[in-house]
Amino acid sequence: ERSDHYMEPKMLRSQFDTLEIPAYGLHLNISCTPEKLVSIITKYHMMQKSEFGIIGMGVMGRSLALNVLDKNIPLSVYNRVDGNEAYLLSEFLGKADAKQVSGFTSMEKFVDSLAIPRKILLMIPAGAAVDAVLTALDPYLSENDIVIDGGNSHYCDTKRRHDALAKKNIRFLGVGISGGEQGALHGPSMMAGGAREGYDQIKRILEAISAKDAHGTPCVTYLGPDGCGHFVKMIHNGIEYAEMQLLAELFSILKQRLSYPKISKLFREWNATELSSFLLEITATILTVKEDNHYLLDRILDTASSKGTGAWSAEAALELGVPASMISASVEARFLSMLKEKRVNASQKPDSAAVTPEIDLDVVKNAYAFARLINHYQGFEIIRSASGENDWHVSLSEIARLWTNGCIIRSALVSSLADRFKKNEDLMNDETIVRQMVRLEGSVRKLINAAFNSRIALPAFSSALNYWYALTTGNSSANLIQAQRDYFGAHGYGRTDSDPGLSFTTDWSPHHG
């Protein structure tokens, strides 16, 4: 309503009509004097609102927190102070020694310390604990706040939480984080799914703390809605299970003939080739570590535990109807390892003499290359199937790129797959890969025969070869199974001499006996 102003009232009104008042930041009443406004703004900044918050100061949480602080991002952290977690927060704050971090044991004060919209990362065990923390957070959250679950939650739980929080206009993300303690500290690989708007607002921070690929691109990206990110991380872990099992099986054969230093040397040599990987590298190191002049490995109990992601991967594959034989075999191998007492008792019973296997190291190397290809093929096929089933539209090439650095299964193979998937997402349509499999399959057969003659179980290698044989068999014996199903259940069957899709059934009973 002012006169002689350069902007006419009509023009000024149009600006106010289209103004979208943001939910974030500090809102001021311009009826205050300039001095009063400056005072309010100064006090607001003196409150030192943090840009990012982390709940859970366990190994991964505190490592990520140090990573965030290293990138000069103001941070608030929260941890409960009961039970065996009583000193986690104080220990972290003592180690952090940074002015940009504030620690809290009150959830309300923690949330209040964060700039709006609040960005909160949960680094707590999967399962009921996540729901409990979300319930505790709920009274203090506002619309458009962003909550990120960085644990190994089941992707169905992530979808459920995403949908529930979306009704309150809270943006929920499920972000799979791989790399272990050192990855979290120096740069993990991260697979994000959930609310796209939330990812866009948290993207800058995630990219800052992530690992970088060979081209300097952050190993983090948005993969798809609801539980997509946690699904991809779950399959990453399934592939990891099988990769670890393959190395354990190689060790069980090689130690029959070679000393630990020689096996370590062999693995280091392989690590300078196309077989290089983080897991191969650390295995070579493990084989050299001594305690009181004894190899530490010999003092580690041979029972391998698991946290569930391997079994979840196998279950998801079964639900999708996608073979995951190597992941399943590796999970079952861990289950068998836990039956220590039963295994010790049963080991006294067989009276067949085992022979020490003859080892051709080139055969062993080729068999390892073959099995790793099958393992990765199966894992990516699960993701490809789930993407189609859930309408996620994920890029296998992009997922492989995320796994080239920062994560546990980073390897030269994964790097090569990132390029191959750009041309063809089904490796069995890649003639170079198929020719390589055909060339290497004989080595796997020789390795398995040598191991079986020595009574050494190779569940992962055997699963790889069985899968390959079945996949490359044009006419299988499944026709007998379908006939059996029709006999006792009248389930019907297709015929080789009729149109596809037609179903037939036979009254088999007159032929009985």
Worksheet, complete the sentence: Expressed as a whole-number percentage, the relative contact order of the chain with C-alpha contacts under 8 angstrom and at least six residues apart is 11
Practice prompt. Enumerate lysine pairs in region 285-371 that are 8 or more residues apart or on different chains, then count those whose Cα atoms are under 26 Å apart.
Written response: 4
Item to complete: Give the distance, in whole Å, between the Cα centre of region 244-262 and the Cα centre of region 290-316.
Response: 15
Discussion item. Using a 1.4 Å probe on the protein heavy atoms only, what accessible surface does residue 420 show? Give it in Å² to the nearest 10.
Written reply: 70
Worksheet item: Amide H neighbours of residue 76 under 5 Å, counting only residues 5+ apart in sequence or on other chains, H built in-plane at 1.01 Å?
Response: 52, 53, 54, 102
Worksheet entry | Within the chain, percent of DSSP bridges classed antiparallel, to nearest 5 | 30
Worksheet item: Per-residue accessible area for residue 138 at 1.4 Å probe radius, Å² rounded to 10?
Response: 60
Fill in: Accessible surface of residue 294 - all protein chains present, 1.4 Å probe, nearest 10 Å²
100
Discussion item. Below 20 Å, Cα to Cα, which aspartates and glutamates can residue 159 reach? Residues fewer than 8 away in the same chain don't count.
Written reply: 131, 138, 143, 145, 149, 197, 200, 226, 315, 319, 389, 391
Item to complete: Scan the chain and hand back the longest stretch that contains none of the chymotrypsin sites (Phe, Trp or Tyr not before Pro) lying in DSSP loops with at most 12 other Cβ atoms within 10 Å.
Response: 88-513
Worksheet, complete the sentence: On the accessible surface of the chain, probed at 1.4 Å with all protein chains in place, carbon and sulfur together account for a percent value of 52
Worksheet item: What accessible area per residue, rounded to a whole number of Å², is obtained for region 417-493 using a probe radius of 1.4 Å?
Response: 59
Practice prompt. Starting from the Cα gyration tensor of region 210-369, take the square roots of the eigenvalues, sort them a ≥ b ≥ c, and report rounded, prolate or oblate (rounded when a/c is under 1.5, otherwise prolate if a/b is larger than b/c, else oblate).
Written response: oblate
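The values are calculated or read from the model by the stated rules, or taken from the named source; none is laboratory data. Please read these numbers as outputs of a predicted model, since none were measured by experiment. Note: ideal-geometry Cβ built from the backbone for every residue, glycine included; neighbour counts use all protein chains shown. Accessible surface is based on the protein model in full, side chains and every heavy atom, while ligands, DNA and RNA are left aside. Shrake-Rupley method; radii C 1.70, N 1.55, O 1.52, S 1.80 Å.
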